[in-house]
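The values are calculated or read from the model by the stated rules, or taken from the named source; none is laboratory data. Source: prediction; values computed, not measured. A quick note on method: Cβ atoms are made from the backbone with ideal geometry, for glycine too, and the neighbour counts reach across all protein chains shown.
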Amino acid sequence: MVLSSNETQQPEQKKQNPLVVVGLILIIVVCVAFMITRLMPKKYPRPIMNYVCENCDARFRAEYQTPPIKCPECEEKKAVRVIKYQCKKCKHIFERRIRSMDDEMAMGMLKCPKCGSDMLMHMPEVPAEEDK
Ligand SMILES: [Zn+2]
Ligand SMILES: [Zn+2]
């Protein structure tokens, strides 16, 4: 390659920009795909979460899954995850239902419905029973 200082402002350089953008998007897509596979460990057991069926109101525990999931009672795919929180500030305890991935994303911005504090802590799941 010969560099000539007088011809650095050629319009050809602009042609590269869309390619760079496409390349960046590809890299981001690959990174996201990689992270998603990393976030789904196959060998480790998934955490057990609480679920409630919005069809028959049955409560049960199941492995971590993206809701809605199938209810063992009525077999409808209407069970959503339930998480209990306690506000560290006013000690208010409230429950949050997660119906979709979007709800899950929104959990990070959750605030206490009583005092508006975001100092929340997870309440322990239903007291852990000994596995038989
Ligand atoms: Zn049900
Ligand atoms: Zn509060």
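Of all residues in region 47-76, those that are among the charged types (D, E, K, R) and exposed (fewer than 12 other Cβ atoms within 10 Å of the Cβ) total 3.
Among the strands (runs of 3 or more DSSP E) confined to region 45-125, the ones with at least 2 residues that are within 16 Å of ligand 2 (Cβ to nearest atom) and at pLDDT 90 or above are located at 79-87, 93-98, 120-122. Checking the stated criteria, Lys114 turns out not to satisfy the condition of being within 13 Å of ligand 1 (Cβ to nearest atom) and either in contact with a strand residue (DSSP E or B) (Cβ under 8 Å, 6 or more places away or on another chain) or acidic (Asp, Glu) (or both).
Val82 passes every criterion in (1) exposed (fewer than 13 other Cβ atoms within 10 Å of the Cβ); (2) within 29 Å of Cys115 (Cα to Cα); (3) aliphatic (A, V, I, L, M) apart from (1).
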